[in-house]
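Below is one structure; the comments refer to it alone.
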Amino acid sequence: MQTLLHLLDQVESSGAFSVSGTLPPIPPGLTVAGIGHIGLPLTAQQAQALIDRSEQAPFGRREATIVDTDVRKNWQIGATEFDLTNPQWHAAIQSAADQIGHELGLVDCTISAEPYKLLIYEEGSFFTAHRDTEKIPNMFATLVVNLPAAHQGGELIISHAGQSKRYSFADNNLFESSFVAFYADCYHEVKPVTAGYRLCLIYNLAITNRQQQPDLAQQLGIMAEIEQAIQSWKADPAAAPILTYLLEHSYSEQNLSMTNLKHSDFAKASVLLNAAAHCGCQAYLCLVTYHQASYGEVTGYSYGWGSRHGYYDEEDEDDEDDDTGEDDF
């Protein structure tokens, strides 16, 4: 059904996989249990106090959560251990969340931002490529807020569908906070910090109050062609009994629903499900699981088992890695 695939590729949608911006020059009013108020720009003395109060950040590997400084080396403080006491800060974050939703292609819903962790990167800190997990209901993206702190290195690289974006914060104004947001299923890595300290607030972004269906008025022409392609498939006795279409993004079983689909997926799924219904077909969102296995060769008196090298999950700026993959129809 190459015709149907070609038509679905023409479904109009907008939105990037990551966006960035600058917050107004408003202090967050950051206070940390056991330390007190944290002034910004961050001083070396308070950075060390934060590290002394922190724990080594872990990451997820299949079912386990482990610490391995060859994979991830930075410090974390959980959201229950710090407060953001400036009300104007919360308003600025909500304004940024609204902007992020629009630029990521989510224009028909409300975005909520939930503080998750405070991360501290010192000289030599890094995190290898990984992918975030969905930590709250309806979570779709991660927001990284870089608080004023002098440092070098620590670039954030975000990759999706063969594209990459690189964000550097080393030259930021030391009296402003900048942010980067990206879809949770994007692979991303943090390059080593070469000097100073990088201080980040991590937020989980979630979708609320979304319309069940987008406005399909602009898609009527392509919908008619898709319906014709489906009717041709139905009329072909030699055709496969089931058609599947892989969406662009990945979803967990808990968050797989129309209201949680990301930009282009939402548009394509809406068009396809409506066209299928008009043609008298049943169409569903579902997960597909694939297993990948390999077999080693005999070398002398020992046997080697090959394996696929993957990425790591993180518990915060955060991951998913397994020999079992899940994609969506």
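Only the coordinates and a few stated rules stand behind these numbers; no lab work does. In this text, all values refer to a predicted model and were calculated from it rather than measured experimentally. Here the Cβ is made from the backbone with ideal geometry for all residues, glycine too, and neighbour counts use every protein chain on show.
What does the C-alpha gyration tensor say about the overall shape of the range 27-130? Classify as rounded when a/c is under 1.5, otherwise prolate if a/b is larger than b/c, or oblate. Judged from the Cα gyration tensor, the range 27-130 comes out oblate (a/c at least 1.5, b/c at or above a/b). Each of Ile230, Ile100, Ile26 was scored by other Cβ atoms within 10 Å of its Cβ. Listed from fewest to most, they are Ile26, Ile230, Ile100.
Sorted ascending by nearby beta carbons within 10 Å, beginning with the fewest, Asp98, Asp236 become Asp236, Asp98. Within the range 18-208, all pairs of alpha-carbon atoms sorted by distance into 10 Å bins from zero give the percentages 9, 38, 40, 12, 0. Sorted ascending by nearby beta carbons within 10 Å, beginning with the fewest, Arg72, Arg53 become Arg53, Arg72.
Taking amide H atoms as placed 1.01 Å from N in the peptide plane, list the residues 5 or more away in sequence, or in a different chain, whose amide H sits under 5 Å from that of Leu247. Sorted by chain and number, the residues that satisfy this are Asp328, Phe329.
Rounded to the nearest Hz, the phi-derived 3J(HN,Hα) couplings of the range 40-55 under the Karplus curve 6.51 cos²θ - 1.76 cosθ + 1.60 (θ = phi - 60°) are 10, x, 5, 8, 4, 5, 6, 4, 5, 5, 5, 4, 5, 8, 8, 10, where x marks glycine and proline.
Full extension of the chain segment joining Ser14 with Ala49 gains 8.2 nm, where the gain is 0.36 nm per residue of separation less the Cα-Cα distance. Is the chain best put as rounded, prolate or oblate by its Cα gyration tensor, with a ≥ b ≥ c the root eigenvalues, rounded for a/c under 1.5, and otherwise prolate when a/b is larger than b/c, oblate when not? The shape class here is oblate. Under 5 Å between amide hydrogens, built in the peptide plane, is the criterion, and for Ala150 it picks out Leu42, Tyr197 among residues at least 5 positions away or on other chains.
Among rounded, prolate and oblate, which fits the range 1-55 when a ≥ b ≥ c are the square roots of the eigenvalues of its C-alpha gyration tensor, a/c under 1.5 means rounded, and a/b larger than b/c means prolate? In terms of gyration-tensor shape, prolate.
In this structure, the amide hydrogen of Glu155, modeled 1.01 Å from its nitrogen in the peptide plane, lies closer than 5 angstrom to those of Lys191, counting only residues at least 5 positions away or on a different chain.
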